[in-house]
Amino acid sequence: MASSRRKRTKGRRANYAPNPTDVGLRRFLPVGWANWLGFGMFGFICVALCAEVVAATVQHRGLDPVAAAIMAVAFAWITYLFGTNRITD
């Protein structure tokens, strides 16, 4: 009787296997819709700031490339955090 109430498992090996979203390239991609939205939005801004670094460098605009590079690194970090966050919706 007690064994019929016990929850069935997938097997000993499957119980210790990592989640499919925690291995390979998928661990760097978002899981939920909100994370995908932030990943796309901040990623787009990061690409635009990288283009601004190049444009400001070519046009010799003083310290604008430095400021744009700092912001590009900050937005790249935010994009990474949105991508690797494992909280689901």
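The values are calculated or read from the model by the stated rules, or taken from the named source; none is laboratory data. Values in this document were obtained by computation on a predicted structure and should not be read as measured data. As a convention, Cβ positions derive from the backbone with ideal geometry for all residues, glycine included, and neighbour counts pool all protein chains shown.
Of these, 25, 81, which one is assigned to a helix (DSSP H, G or I), hydrophobic (A, V, I, L, M, F, W, C) and surrounded by fewer than 11 Cβ atoms within 10 Å (Cβ to Cβ)?
On the way: 81 fails: surrounded by fewer than 11 Cβ atoms within 10 Å (Cβ to Cβ).
None of the other options fit; the residue is 25.
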> If you go through segment 69-81 one residue at a time, how many are in contact with a helix residue (DSSP H, G or I) (Cβ under 6 Å, 6 or more places away or on another chain) and under 26 Å from residue 36 (Cβ atoms)?
Replying inline: 6
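Kindly indicate whether residue 87 is of a type outside the set (Gly, Ala, Ser), closer than 30 Å to residue 27 by Cβ and part of a loop (DSSP other than H, G, I, E, B).
So residue 87 fits the description; yes.
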> Which of the residues belonging to segment 32-65 are exposed (fewer than 15 other Cβ atoms within 10 Å of the Cβ), among the aromatic types (Phe, Trp, Tyr) and modelled with pLDDT of 95 or more?
Replying inline: 44
